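To start, I am sharing the structure in question, which I have written as structure tokens.
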Amino acid sequence: MINIDKIIKKMTIKEKIGQLNLTSYSDAILPRIASGEVGAILNIFDKDQVKQVQELALKSKHQIPLLIGEDVIHGFKTIFPVPLAEACSFNLDLIEETAYLSMLEARMEGINWIYAPMLDIITDPRFGRVMETSGEDPFLTSQIAKRKVRGIQRNDNNQITAACPKHYLGYGAVEAGLDYRMTDFSEHKMRLTYLPPFKAAIDEGALSLMHAFTTYNNLPVTINKYLLDDVLRKECEFSGILVTDWQCLKQLTKYQVLSSEEEAAQQGLLVGIDLDMHGQVYFNHLEQVISNNPHLLNNLDTAVRRILTVKLKMGLFKENRENNNRELDSKIRKQALQSANESIILFKNSNHLLPLQNDAKVLCVGPFNSDQDIHLGAWACRGQKKDTISLKKGIESHFLNCQFFDTPLNTGETNWEELRLACQDMDYIILALGEPRSYSGENNCRMNINLPFKQDLLIDFIYNLQKPIIGMVFAGRPLTITNLDEKADAIIWSFHLGCEAGNSLAKVLCGEVNPSAKTVITFPRELGQVPIYYNRYHTGRDELIHYVDGSTEPLYPFGFGLSYSRFIYHDFTYNYSTETSKLRIKVTIENESSYSGDEIIQVYALSNITYQLAPQQALIGFKKHHFNASQKEEISLDVFIDWEIYRDSVVIQVGPSSRLGIKKLLIK
């Protein structure tokens, strides 16, 4: 039986500090592991090396195992759709299962700590890490947070991999969409928008949490006692491991609020940071800090206790077991296909152009026909493009008369005459457009969010040929595709879909899969509309807000997405419980089409009179339901009404998106 307090009493100060040291793997750290001076490792890419370091740690004086961390954001080796894409599925069961299977695949390589999910709320698509989020809505992100933590930390064979939700708090609010810039938002905004997903993850039992690079009020988050201690530890009752992001303690002097790394070590310990990621600040300076301030030994013991408690909960002190799951390979690949199928958005389908017959004469044009790399997306961990299905391979396996015209990446250099001749005898032209995966992810922010490499020239050229156009776009963020929307007959959108991308896109194209996803982030018409999001606060002059040179309306609103089915919302009734503040909604929906399909039913609260500033509308519930062809059914949903926000009444909207639905007044 492991007694943590007994272990701590036997440890030297140097050994205790070692537990607070998270460092990248290299041969140079092996002696430090053997002497108990390392508590966690990241950037270790070989299973045998993981086994070696764990064996060294277990042979050290106190036999304390290591945390082995990795950014398993949307898959380990088998790559799923990026989180932004998967969120568009609104399928919480699917999201939990992909998190679980990704965890299993990582654990087979010795990974026991996963730096996910990312719970930042984003309203500026210039920000490169938008692909890593679940979009702009705190309610949806909170539901996904719970499911991803549950999937990652699912007990399997008496072993638990620790989830690490990030980046606490408000990282998505960086100025101008630039990574690492400062963030400045009110307490009200913090509590209404940025905090709820983290509170949901904590309530689900997240064992660790990573704080943000950025700022809150007058301090960097890294030493913000109010956020890290008062709100996180006391109010949210988080008792797990708090880890810095990369070298955050080391970088504190650059803010010019601290004078030295020694001071950073002291402040980090005081606010409750348990693990220093690759900064060596604790390792190099904390012993001297404790020597100068003996009372801080209690803080050090508290941090060590939190780390050892989590390691104990994870089962790391038990005998090491091999993690071999022979059935995982086929199961996880099927899951990747299903996830991609449910993450594709149909934005436009004029005159029911899609789906196409499999004998249609199709020409696929663009720079990404054969590109396998693009579909991996940013943060693809150990995924490889050779294991990814390209659009070309997918279409070839589903269509009998398909041809391909590969343009240069810079489509302005296309041989236009050759392209014109290639299009002559074709029934349909598919444009394979988008942005490379290197254009999104951490520190890959964009000044413009248009289709890069002059792809609009390609759109204009094909449009002038007067052939039916199907636009297929692969990206890591919303793009301004107003020109494509005006000129294409159909648009299939995919945030980077992962290893099964080509198969899923082809299945949607031919109707084998009926698209069901809906966007979880608002698409602007023009860059000048950014930031744009659906859940804005009311102002005193809403009716006067406008641009002199354009529209304030989005291109595609939150929750929008089409289907080959046609869903009609007839009416809804509700029954409200004053005891629980729960609202039972019953809505009748009919599929007036010959296609069976899934509909994502969305419930919004529209503010009437409120106690404080509140969003004009807020998602409060959703349900994904399958309808057979020509089926009419009454669907039930339960939602919670927060009367701390709304005074005596609120308008309930039930419909297919944030912009459409049936509205009824609910009086308290």
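The values are calculated or read from the model by the stated rules, or taken from the named source; none is laboratory data. This structure is a prediction, so every number in the text was calculated from the model and none was measured. Heads up, the Cβs are rebuilt from the backbone with ideal geometry, glycines too, and the neighbour counts pull from every protein chain shown. Quick note on the areas: whole protein, heavy atoms, side chains included, nothing else; ligands and nucleic acids left out. Shrake-Rupley method; radii C 1.70, N 1.55, O 1.52, S 1.80 Å.
Using +1 at the C-beta of Lys and Arg and -1 at the C-beta of Asp and Glu, which of ILE430, ILE152, SER649 has the Cα lying farthest in the positive direction of the dipole of the chain?
ILE152
While we're on this one: I'd like the FRET efficiency for ASP329 and HIS626, computed as 1/(1 + (r/R0)^6) with the beta carbon distance as r and R0 of 22 Å, rounded to 0.05.
On the way: r = 28 Å, r/R0 = 1.28.
For ASP329 and HIS626, the calculated efficiency is 0.20.
Trypsin sites (Lys or Arg not before Pro), restricted to segment 472-568: which are DSSP loop and have at most 13 other Cβ atoms within 10 Å?
Details: sites: LYS487, LYS507, LYS518, ARG525, ARG536, ARG541, ARG566; in loops: LYS518, ARG525, ARG536, ARG541, ARG566.
Here the trypsin sites (Lys or Arg not before Pro) that fit, given the DSSP loop and packing criteria, are ARG541.
Between segment 26-64 and segment 435-471, how far is it from one alpha carbon centroid to the other, in angstrom?
Their Cα centres are 46 Å away from one another.
Counting only other residues whose beta carbon sits under 11 Å from that of ASP598, what net charge do I get with K and R as +1, D and E as -1?
Numbers: positive: LYS518, LYS623, LYS624; negative: GLU342, GLU599.
Every neighbour counted, the sum reads +1.
On to the next question. How big is the Kirkwood radius of segment 73-126, worked out from every pair of different alpha carbons and given in Å to one decimal? Walk me through the intermediate numbers first.
Numbers: mean 1/r = 0.0825 Å⁻¹.
Evaluated on segment 73-126, it is 12.1 Å.
Could you tally the net charge around ALA99, taking each other residue with its Cβ under 13 Å from the Cβ of ALA99, Lys/Arg +1 and Asp/Glu -1?
On the way: positive: ARG107, LYS146, ARG147, LYS148, ARG150, ARG154; negative: GLU86, ASP93, GLU96, GLU97, GLU105, ASP156, GLU204.
That works out to -1.
To the nearest 20 debye, what is the magnitude of the charge dipole of the chain about its Cα centre, counting +1 on the Cβ of each Lys and Arg and -1 on the Cβ of each Asp and Glu?
On the way: 70 positive and 81 negative charges, 307 e Å.
Here the chain has a charge dipole of around 1480 debye.
Still on this structure: Size of the dipole of segment 127-247 about the Cα centre, Lys and Arg at +1 and Asp and Glu at -1 on the beta carbon, nothing else charged, in debye to 20? All intermediate terms of the calculation are to be shown ahead of the outcome.
Working: 14 positive and 15 negative charges, 53 e Å.
Charge dipole of segment 127-247: 260 debye, to the nearest 20.
Please work out the FRET efficiency for the pair ARG191 and VAL651, using the Cβ-Cβ distance as r and a Förster radius of 25 Å; give the result to the nearest 0.05. Write out the running numbers ahead of the final one.
Working: r = 23 Å, r/R0 = 0.92.
That gives a FRET efficiency of 0.60.
Distance between the C-alpha centers of segment 312-391 and segment 543-615? Whole Å please.
29
Once the convex hull of the C-alpha atoms of segment 207-360 is built, how many Å³ does it hold per residue, rounded to a whole number?
Working: hull volume 35.2 nm³, N = 154.
It comes to 229 Å³ per residue, whole-number rounded.
So for each of 603-615, 199-211, 473-485, 409-421 I average, over its residues, the number of other beta carbons within 10 Å; can you give me the resulting order with the highest mean first? Walk me through the numbers on the way to the answer.
Values: 603-615: 17.6, 199-211: 22.0, 473-485: 23.9, 409-421: 14.1.
Ranking, from highest mean packing down: 473-485, 199-211, 603-615, 409-421.
If you don't mind, another one. What percent antiparallel are the DSSP beta bridges of segment 427-577, to the nearest 5? Each step should come with its number before you reach the end.
Working: 2 of 14 bridges.
If I count the DSSP bridges inside segment 427-577, around 15 percent turn out antiparallel.
Calculate how many DSSP beta bridges within the chain are antiparallel, expressed in % of all such bridges and rounded to the nearest 5. Working shown, then result.
Numbers: 53 of 93 bridges.
Taking every DSSP beta bridge within the chain, about 55 percent pair in antiparallel fashion.
In segment 559-615, which GluC sites (Glu not before Pro) are in a loop and have at most 10 other Cβ atoms within 10 Å, using DSSP for the loop call?
Numbers: sites: GLU579, GLU590, GLU592, GLU599; in loops: GLU579, GLU592.
The qualifying sites are GLU579.
In nanometres, what is the gap between the two model label sites at ILE609 and GLN280, each 7 Å from Cα along Cα-to-Cβ?
Going by the 7 Å Cα→Cβ label model, 6.4 nm.
Consider just the alpha-carbon atoms of segment 486-565 and return their Rg together with their Dmax, both in angstrom.
Expressed in Å, the Cα Rg and Dmax of segment 486-565 come to 16.4, 50.
Moving on to the next point. If I model a spin label as a point 7 Å beyond the Cα along the Cα-Cβ vector, how far apart are those points for LYS59 and HIS570 in nm?
About 7.3 nm, to one decimal.
Also, I was wondering about something else. Can you pull out the GluC sites (Glu not before Pro) in segment 502-578 that DSSP calls coil and that have at most 15 other Cβ atoms within 10 Å? Please report the intermediate quantities before stating the final value.
On the way: sites: GLU512, GLU526, GLU543; in loops: GLU512, GLU526.
Those satisfying the criteria are GLU512.
Could you size up the charge dipole of segment 394-508 around its Cα centre, putting +1 on the beta carbon of Lys and Arg and -1 on that of Asp and Glu, and report it in debye to the nearest 20? Intermediate values should be presented prior to the final figure.
Values: 8 positive and 15 negative charges, 62 e Å.
The dipole of segment 394-508 has a size of about 300 debye.
Among GLN617, GLN52, HIS188, pick out the residue whose Cα is farthest towards the positive end of the charge dipole of the chain, where Lys and Arg carry +1 and Asp and Glu carry -1 on C-beta, about the Cα centre.
Value: GLN52.
Per residue, what accessible area does the chain have, given a 1.4 Å probe and all protein chains present, in Å²?
Here the residues of the chain average 39 Å² of exposed surface.
Using 0.36 nm times the number of residues separating GLU175 and SER26, minus their current alpha carbon distance, what extension gain do you get? Let's see the in-between values first.
Values: separation 149, 0.36 × 149 = 53.64 nm, distance 3.58 nm.
My answer for the length gained is 50.1 nm.
Considering only protein heavy atoms and a 1.4 Å probe, what is the carbon-and-sulfur percentage of the accessible area of the chain? Present the calculation step by step, with values, prior to reporting the outcome.
Details: 12060 of 26230 Å².
Answer for the chain: carbon and sulfur cover 46 percent of the accessible area.
For LEU465 and SER596, FRET efficiency with R0 = 41 Å and r from the beta-carbon atoms, rounded to 0.05?
0.70
Given C-alpha coordinates of the chain, what is the ratio Rg to Rh with the Kirkwood estimate of Rh? Could the numbers behind the result be given before it?
Working: Rg = 26.0 Å, Rh = 26.3 Å.
Checking Rg against Rh, the ratio lands at 0.99.
Moving to a separate point now. What would the Debye formula give as log10 I(q)/I(0) at q = 0.17, 0.23, 0.24 Å⁻¹ for the alpha-carbon point model of segment 1-100, no solvent?
Log10 I(q)/I(0), no solvent term: -0.79, -1.09, -1.16.
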